[in-house]
Each structure stands twice: as C-alpha cells, then as structure tokens.
Amino acid sequence: MALPAESRGRLIEEVPLIDILYKDEYRIDSYLAQMMNGVLRRRKLQETESQTDEKTISSSIKILSGSFNDIGVSSLMEETRFVPHDRNVITLLETLNLEPQENLSGENVSGRLVCLKGRLAIRDFGKFNEIISAMANNSKIFNVNQKEAKDLKKTFDSLSKIIPMNIEAEFVFKDNSVVRGILKEKYLLTDYRDVVATHGTNLPGVWFMIGILDRLLKPSQPTQHQGFRKSMDEFSAIAETLYREGNPRYTVTPFLIFRGLEK
C-alpha cells in the first residue's frame, strides 16, 4: 500500500511498498486508540452473516478523520472484527504526519515522537556473547586463537553480569552522529540471526525509525546515598558506558522501523 506524498515533504517519501523490520504492536495500537478515541480491534457475541462494509472514524480534530475497511468474520457463537493487515501502521503514519529528520538540532528534547531517517545498525550483545563462547570451545573450526577467544569470553562473561546484553539499534545520520535505542526481540519481524547472516551488523539502504526521542542527561554525579543504594547507582553508571560510547546526545525508544522498497 503506497503512502501519500506531501507537498511540504512531510510524512514519508512516496514509495510503492514499505518493508517493516520492527513493529511494537502494543505502542502502535495504544497511540491510535488515544488519537482516534477508541480501539481498532473489538469482539462481540452475536449470530450474524459474514459481511464487508466501509466504516468511518470521525473526530472533532480534522487530522484525525479517516476511514478503513472493517471486515467481519462470523460464526454461530461469535463475530470477530479486524482491520486489514498492517492498516494500523499506515493509519498511524498518516495521522502523525511526521517530517523525516536526517539530523538532530541539539535542542533539549524529552518524550518527543519523531521520524528518523538514516543508516541502521543492529547489534545483539547477548547473541555475540554466545558466539564468543562457541568460538572459544571450537577454536579450530573458527580458525581463531584459543587463548585469545577464552580471554575474550571471560571478559564478556564479566561484562554481562553488569551491563545488560540487549539488542541495540544504532541510527546514523548524514553527519555521522548517532542515536541509540533498545529493541525487544519479540517485535523483530526478521530473526536477528538471518539479518546478521545476510548483511552483518550494518543494514543496507536508507531506513526510517518512528520512536520517542529523549535528550541524554550528563552522567550523574555521585549522590549522598550510602550502602546498597550508592552501590546500585555506581553499577548503573558503569552499565551506561556501553550505550554512551561516542557521547551521543540523545536516546530513542523505537516502535516502528522500516524502509521503502523499489519495484
């Protein structure tokens, strides 16, 4: 389904199709429900015949008016209504109408919905830890130095006890500045191992990321806490160092990542 082109360059550049890599269904449906004053998925008990009809969602805010195909599938006991596949994604993009950003201005941002445009890298630190373990135990197969692999494994084993081994999304802008965020594996539509096997860490082409942007605060100064709370703060500061490499100014919470396809 094509996205509409906007004369002011807003929304997303017109493309015939979009290829979705990451989709947080909960956040997408939550934002749509809030903006359209209702949910798109609903169920009701009744005996009825299957039918397809056109329904309209209206709002006092002009930008929120729109329509969608509402397809009914029924049985003797229950009717389930649902919207066409990925219609929630298209509706959200059209409703938000965000301008793609190819760089960040440096202003103080807290909790802003943004559409970022640039290059994308994904790193699963948990999977990398597993790879190092496999290499250390099978050095001949991977043609690596066994001692170096085991030393690296020990280092990662220690780090994993302090630093969360998450899946990192790193977005790189035109000026090579970066913004990083954390992905949840269950929302990746392509298995991470397939991505790495095909492309490595850096994915080809230009990507769009819809998410929540926050300005990173400066590393916190030691507090007056004592005992357990002080130790927790100190260990948290150590964990931050992995994601603050290169001193990025922002962090992002992604809920949709995709690219345009050509045909």
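The values are calculated or read from the model by the stated rules, or taken from the named source; none is laboratory data. Remember, predicted model here, so these are calculated numbers, not experimental data. Ideal geometry is used to build each Cβ from the backbone, glycine not excepted, and the neighbour counts take in all protein chains shown. The protein model used for the area step is the full one, side chains on, heavy atoms only, and it has no ligands, DNA or RNA in it. Shrake-Rupley method; radii C 1.70, N 1.55, O 1.52, S 1.80 Å.
Some points to look at:
- Any hit, region 151-167, residues being in contact with an Asp or Glu (Cβ under 9 Å, 6 or more places away or on another chain) and under 30 Å from Leu98 (Cβ atoms): yes
- Condition met for Asn37 (at pLDDT 50 or above and open to solvent by 40 Å² or more (accessible area, probe 1.4 Å)): yes
- Residue check, Val179 aliphatic (A, V, I, L, M), surrounded by 13 or more Cβ atoms within 10 Å (Cβ to Cβ), within 30 Å of Ile18 (Cα to Cα) and free of Cβ contacts under 8 Å to residues at least 60 places away in the same chain: no
- Residues that are closer than 12 Å to Gly118 by Cα and either in a helix (DSSP H, G or I) or among the hydrophobic types (A, V, I, L, M, F, W, C) (or both) within region 199-209 comprise Leu203, Val206, Trp207, Phe208, Met209, listed in sequence order.
- For region 133-169, a residue qualifies if it is closer than 26 Å to Tyr22 by Cα and modelled with pLDDT under 75, and the qualifying residues are Ser160, Ile163, Pro164.
- When restricted to residues that are open to solvent by 30 Å² or more (accessible area, probe 1.4 Å) and modelled with pLDDT of 85 or more, region 193-211 contains 8.
- Looking only at region 112-132, and only at residues there that are modelled with pLDDT of 80 or more, open to solvent by 60 Å² or more (accessible area, probe 1.4 Å) and of a type outside the set (A, V, I, L, M, F, W, C), the one that is nearest to Lys186 (Cα to Cα): Arg123
- In region 129-139 there is at least one residue matching the filter, namely being touching a Ser or Thr at 6+ places or on another chain (Cβ under 7 Å) and on the phi < 0 side of the Ramachandran plot.
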